[in-house]
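Each remark here refers to the structure printed beneath this line.
The values are calculated or read from the model by the stated rules, or taken from the named source; none is laboratory data. This structure is a prediction, so every number in the text was calculated from the model and none was measured. A quick note on method: Cβ atoms are made from the backbone with ideal geometry, for glycine too, and the neighbour counts reach across all protein chains shown. SASA here: full protein model, heavy atoms, side chains in, ligands and nucleic acids out. Shrake-Rupley method; radii C 1.70, N 1.55, O 1.52, S 1.80 Å.
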Amino acid sequence: MPPRPRSAATQPARKVLLTGFDAFGGASINPSGLAVKALHGRQIAGHRVVAAQLPTVFGESLQALRALLARHQPALVICVGQAGGRGALSLERVAINVNDAPLADNADARPVDTPVVHGAPVAYFSSLPIKAMLATLQREGIAAEVSQTAGTFVCNHVFFGLMHELNQRQALRHTRGGFVHVPWLPKQGTPSMALDEVVRGLSLAVRCALQAQQDASLGAGASH
């Protein structure tokens, strides 16, 4: 006899994939890796969070991300990175197909003006409901902003690679994805945000991204 279908109560929860990075540039910690680790295993809006740390290395980081996507087939992916000098959770709008490293990565590579993916489009927009996420975070008292650039270091490299995978892989055609930058922790310098606040903000952002069917319409542009 064929196996009986599982009831809703026994169906495995769909997954949310969160990635952070290891420390780089001579630092001993990276808040992105610490924050996603704190959310690993949590249930948010009926989805189980799977967290993973990516190496701050061009190429290797994308290889690791592709393996995670194939293994988990997540409903939502949010890659997280550190942005020293920013004082808010930065919801990234666009990834560009350029590597132009301002410093060496953790494998001592420093690519200049190379594509993230040869032959791919020049840019991808996030498929996260970033305006709805912004409104949710601000309503809960968490400093947040929409950012117009994810830089040209490994964070943008991973962001672009993620969006290319989501656009190219048939199995991920319904998966939403994007990138969030988080500030330094207080011990790293200023401006900063406490780790528990970063974790709370990411949890709220995940819940909003899972529940918002359409993005909000509100201004969050930049004048320069």
- Query: Given 0.36 nm per residue, what is the gain on full extension from VAL117 to GLN214 after removing their alpha carbon distance, in nm?
  - Reply: 32.0 nm
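With loop defined by DSSP as not H, G, I, E or B, and exposure as at most 10 other Cβ atoms within 10 Å, which is the longest segment of the chain clear of exposed trypsin sites (Lys or Arg not before Pro)? Don't skip to the answer; put the middle values down first.
On the way: sites that count: ARG6, ARG173.
Here the longest run is 7-172.
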- Query: So in the chain, what percent of DSSP beta bridges are antiparallel if you round to the nearest 5?
  - Reply: 25 percent
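At 222 nm, what helix-only mean residue ellipticity would the chain give, in deg cm²/dmol to the nearest 500, using -39500 (n - 2.57) for each DSSP H run of four or more? List each step's numbers first, then the result.
Details: 5 runs with 64 residues, N = 224.
Estimated from H runs of four or more residues: -9000 deg cm²/dmol.
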- Task: For region 15-148, would you read off the P(r) tail past 24 Å as a percentage of all alpha carbon pairs?
- Result: 33 percent
- Would you be so kind as to identify which of GLN138, LEU89, PHE153 lies farthest towards the positive end of the dipole of region 77-206, taking Lys and Arg as +1 and Asp and Glu as -1 on Cβ and the Cα centre as origin? GLN138
- Query: Can you list the HN-Hα couplings for region 198-209, worked out from phi with the Karplus curve (6.51, -1.76, 1.60; θ = phi - 60°), rounded to whole Hz and with x for Gly and Pro?
  - Reply: 4, 4, 4, x, 5, 4, 5, 5, 4, 4, 4, 5
- Which lysines does LYS37 reach when only Cα atoms under 24 Å apart count, and residues fewer than 8 places away in its own chain are ignored? LYS15, LYS187
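Relative contact order (percent) for the chain, with alpha-carbon contacts under 8 angstrom and 6 or more residues of separation?
Once normalised by length, the contact order is 26 percent.
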- Message: Per residue of region 93-109, what does 6.51 cos²θ - 1.76 cosθ + 1.60 with θ = phi - 60° give for ³J(HN,Hα)? Whole Hz please, x for Gly and Pro, Karplus curve as stated.
- Response: 8, 9, 10, 10, 8, 9, 9, 8, 6, x, 8, 6, 7, 6, 10, 6, 8
- How about region 83-189: which GluC sites (Glu not before Pro) there are in a DSSP loop, with at most 14 other Cβ atoms within 10 Å of their Cβ? GLU140
- Message: Leaving out ligands and nucleic acids, and using a 1.4 Å probe, what accessible area per residue does region 87-224 come to in Å²?
- Response: 47 Å²
- Once both labels are modelled 7 Å past Cα along the beta-carbon direction, what's the ALA104-LYS187 spacing in nm? 2.6 nm
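Work out the length of the dipole vector of region 48-198 about its Cα centre, built from +1 on the beta-carbon of each Lys and Arg and -1 on the beta-carbon of each Asp and Glu, and round it to the nearest 20 debye. Can you show the working numbers first?
Numbers: 12 positive and 11 negative charges, 104 e Å.
Its charge dipole is roughly 500 debye.
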- Note on the structure: Among SER28, ALA107, VAL206, the residue whose Cα sits farthest towards the positive end of the charge dipole of the chain, when +1 is placed on the Cβ of each Lys and Arg and -1 on the Cβ of each Asp and Glu, is VAL206
- Query: What residues have an amide H closer than 5 Å to that of PHE21, excluding those fewer than 5 places away on the same chain, when H is modeled at 1.01 Å from N in the peptide plane?
  - Reply: SER32, GLY33, LEU54
- Query: Hey, what do the phi angles of region 23-36 turn into as Karplus ³J(HN,Hα) couplings, whole Hz, using 6.51/-1.76/1.60 and θ = phi - 60°, x for Gly and Pro?
  - Reply: 5, 8, x, x, 6, 9, 9, 9, x, 5, x, 5, 5, 5
- Message: Can you give me the solvent accessible area of VAL122 with a 1.4 Å probe, rounded to the nearest 10 Å²?
- Response: 120 Å²
- Message: Could you compute how much accessible surface ASP196 exposes when probed at 1.4 Å, giving the result in Å² to the nearest 10?
- Response: 110 Å²
- Note on the structure: Under 5 Å from the placed amide H of GLY81, counting only residues 5+ away or on other chains, we find VAL180, HIS181, VAL182
- Task: Give me the percent of the accessible area of region 150-224 that comes from carbon and sulfur atoms, probe 1.4 Å, all protein chains in place.
- Result: 48 percent
- Once the whole set of protein chains is in place, how much accessible area is left on SER192, using a 1.4 Å probe, in Å² to the nearest 10? 40 Å²
